[in-house]
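The values are calculated or read from the model by the stated rules, or taken from the named source; none is laboratory data. Fair warning: this is a prediction, and the values are worked out from it, not measured in the lab. Here the Cβ is made from the backbone with ideal geometry for all residues, glycine too, and neighbour counts use every protein chain on show.
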Amino acid sequence: MLSPSVEDYVKAIYKAHAARGNVATQELAEALQVSAPAVSKMLRRLAELRLISHTPYQGVKLTRAGEKMALEVIRHHRLIELYLVQAMGYSWDAVHEEAERLEHHISEEFEERIDTLLGHPATCPHGDPIPTRGGTIEPTSNRALAQQQEPARLVVRRVSDASAELLRHFHEIGVTPGTAIEFVEQEPFEGAFVVKVGGKRVRLTPHAAEQVFVDPIVSRGRGS
């Protein structure tokens with residue numbers, strides 16, 4: 001059995017690559033809060049295990065085996081988050097750290113029992129897709145609210161779980177996955193993003209708007 005640190009690395013590589021493409025050593029060091037030499041040492045280990053392909057100065061990519069491992073860990077994490085919210089009464093801002101600790105230690109049988117109990121869910125509490133047991137994952141919206149320029153009707157697809165404080169703020173103002181919102185404007189001089197949620201105007205800082213991912217709501221005409 002591979003160590004939790006190996007699983008943490010392949011998960012971090014997968015998530016960074018999905019968001020931005022090739023993954024640099026320094027980026028991994030910041031994400032995992034370790035030193036650059038420690039990352040370099042682990043990358044050599046992952047290459048020996050054939051979990052990554054690593055070309056110096058050109059970034060890191062997961063092999064098929066590495067991607068399969070990453071998706072399995074992510075599946076554990078997101079199922080645990082949803083279980084903690086739905087079955088144990090945790091708030092959505094408190095589940096990430098718990099899931100980080102538990103994701104490495106549950107059996108496949110336990111995972112399947114959670115999945116069945118929850119009705120085979122498609123997303124975690126923050127809107128991120130849950131990988132299937134077979135190692136596939138639905139594409140997700142990477143368009144941040146901060147990219148919006150013109151007034152539009154939007155649906156929140158997911159929010160970043162990186163900050164518990166920000167998650168509490170999103171909950172308070174009603175910006176949660178599946179919620180329809182209306183983008184009104186960005187205030188002058190790189191100011192707040194103004195949206196309507198249930199008819200109520202709320203303001204999000206540019207940083208907060210970068211953590212909310214949306215899709216447009218497409219209106220259907222008659223006869224369509």
Filtering segment 169-200 for residues that are assigned to a helix (DSSP H, G or I) and surrounded by 14 or more Cβ atoms within 10 Å (Cβ to Cβ) leaves a count of 4
Only one of Phe183, Phe189, Phe213 is under 23 Å from Ala31 (Cα atoms) and either not assigned by TED's automatic domain parsing to the domain that holds Ala31 or not aliphatic (A, V, I, L, M) (or both), namely Phe213
When (1) closer than 26 Å to Ile106 by Cα; (2) in contact with a helix residue (DSSP H, G or I) (Cβ under 7 Å, 6 or more places away or on another chain); (3) free of Cβ contacts under 8 Å to residues at least 24 places away in the same chain are applied to Ala36, the one that fails is (1)
Val85 meets each of (1) assigned to a helix (DSSP H, G or I); (2) assigned by TED's automatic domain parsing to the domain that holds Lys11 with one exception, condition (2)
Checking Tyr9, Tyr14 in turn, the sole residue that is hydroxyl-bearing (Ser, Thr, Tyr), closer than 28 Å to His171 by Cα and in a helix (DSSP H, G or I) turns out to be Tyr14
When Gln147 is run through (1) over 25 Å from Gly21 (Cβ atoms); (2) without any contact (Cβ under 8 Å) to a residue 12 or more places away in the chain, the failure sits at (1)
Could you tell me whether any residue of segment 129-136 is surrounded by 14 or more Cβ atoms within 10 Å (Cβ to Cβ) and in contact (Cβ under 8 Å) with a residue 60 or more places away in the chain?
-> yes
Ala146 passes all but one of the listed conditions (1) aliphatic (A, V, I, L, M); (2) part of a strand (DSSP E or B); (3) touching a Pro at 6+ places or on another chain (Cβ under 7 Å); the exception is number (2)
Just one listed residue, out of Ala70, Ala31, is modelled with pLDDT of 90 or more and surrounded by 15 or more Cβ atoms within 10 Å (Cβ to Cβ), and it is Ala70
Taking segment 176-217 and keeping residues under 23 Å from the mean Cα position of the chain (by Cα) and among the aliphatic types (A, V, I, L, M) leaves Ala180, Ile181, Val195, Val197, Leu204, Ala208, Ala209, Val212, Val214, Ile217
Taking segment 39-65 and keeping residues closer than 29 Å to Glu210 by Cα and either surrounded by 14 or more Cβ atoms within 10 Å (Cβ to Cβ) or free of Cβ contacts under 8 Å to residues at least 24 places away in the same chain (or both) leaves Val39, Tyr57, Gly59, Val60, Lys61, Leu62
When segment 114-150 is checked residue by residue, the ones that are basic (Lys, Arg) and touching a strand residue (DSSP E or B) at 6+ places or on another chain (Cβ under 7 Å) are Arg143
